[in-house]
Amino acid sequence: MQQKTQLALSFLLSRVLLLAFADDLECTPGFQQKEFRIAQPSEFVEDQLIVNLAFDDCEGNATLSFEVSNPDFKVKPNGDLIALKNVTEVGRTFFIHGRTEHAEDMAEITIDGGREIQGSLKEIFKNARTSAVPRQRRSIVASPILIPENQRQPFPRTAGKVVDSDRPEGSKFRLSGKGVDQEPKGLFRINENTGDVSVTRSLDRETLATYQLLVETTDVSGRIIEGPVPLDIIVIDQNDNRPIFREGPYVGHVMEGSPTDINVKLVGPISLDPVLSHR
C-alpha cells in the first residue's frame with residue numbers, strides 16, 4: 001500500500017513539473033489579445049467596465065503599469081478598461097500601452113461607429129504637446145516587440161504592430177535592417193497596409209538577443225513620407241535545455257487528513273542554460 005502511495009505521489013509531482021514547464025514554453029509576453037472592437041454606445045459611463053485586457057510578462061507581472069492614449073480612460077491594475085467620466089465623443093481608435101521590467105506591449109481599441117477626432121492620438125506614451133521651438137512631428141509609434149525563442153509552428157505569426165496616427169491614404173509601411181533585408185534575411189516582415197509585424201521562423205536568443213530594425217512610411221512611388229523610426233525586437237529566453245533532477249527519484253509523504261498547501265518535498269533541478277540578462 002505504501003509503495004503504491006509513493007508511486008502515485010511521484011507520478012503527480014512529475015505531472016505538475018511537466019505542466020509547469022509546458023506553460024513556461026507557451027507563454028508569450030505582452031497583451032494576450034492585441035486588438036479589440038467595441039461598438040460605440042450612446043455614452044461611456046464613468047467607472048463602468050468596457051473590456052478587460054489580459055497582460056502577462058511571463059515573470060509574475062511585478063511593476064505592471066498601463067498608459068492610455070485617450071486621457072478620458074484608464075486601465076486598472078487588474079486590466080479593466082474604464083472611463084474616468086461620462087464620455088460621448090471618443091474617436092475611432094485609441095491605444096493601451098502596458099509595461100513591466102520584463103515586457104512592453106501595445107493593444108489597439110477600435111470603436112465601431114466612432115468619429116475620427118484629429119489629434120486624439122498625439123499623446124500616446126505622454127509625448128509633449130507644447131514646445132517653445134517647433135519640433136518635427138512624429139506620428140509613427142514603434143513599441144519594442146518581445147518574442148520568445150524556440151517558438152513552434154505555425155509560421156509566420158504576428159508578433160506586434162507599428163502604428164501611424166497620421167498616415168496618408170495609400171501610403172505603405174516599410175521595414176529594414178538585420179533580419180529583414182540584411183542577413184539573416186527574411187526573419188521579420190511587416191504588412192505594408194496594417195503595420196502588423198510578423199516573425200517567419202523560430203528564433204534563438206543565444207544567436208542574437210536583439211534585432212534593431214527601422215520602420216518608415218512611403219508613398220506609392222517609394223518616396224519616404226516619415227521615418228525611419230527605430231523598432232527593437234527582443235528575443236526572450238525560454239530555457240531550451242530541460243532542467244536536470246540529479247538527486248531523484250523523489251519520494252514524498254503526506255499524512256491522511258493533511259491541510260492543503262503544505263510542503264510535500266523540496267526538489268532541486270539544475271539548469272544547463274547560461275544566465276542571460278533581459279534588457
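Values in this text are rule-based calculations from the coordinates and carry no lab data. Only a predicted model underlies this, so the values are computations on that prediction, with no experimental measurement involved. A quick note on method: Cβ atoms are made from the backbone with ideal geometry, for glycine too, and the neighbour counts reach across all protein chains shown.
Place the peptides 220-226, 139-145, 107-113 in order of packing, highest mean first, counting for every residue the other Cβ atoms within 10 Å and averaging per peptide.
The densest-packed peptide leads the list: 139-145, 107-113, 220-226.
If you average the sequence gap of Cα pairs under 8 Å that are 6 or more apart and divide by the length of the range 32-127, what percent do you get for the contact order?
Relative contact order of the range 32-127: 35 percent.
Only counting other Cβ atoms within 10 Å, I'd like 96, 50 sorted with the fewest neighbours first.
50, 96
What are the ³J(HN,Hα) couplings of the range 139-156, residue after residue, when phi is run through the Karplus curve with 6.51, -1.76, 1.60 and θ = phi - 60°? Round to Hz, x for glycine and proline.
Values, residue by residue: 9, 7, 10, 10, 6, x, 10, 10, 10, x, 6, 6, 5, 9, 4, x, 10, x Hz.
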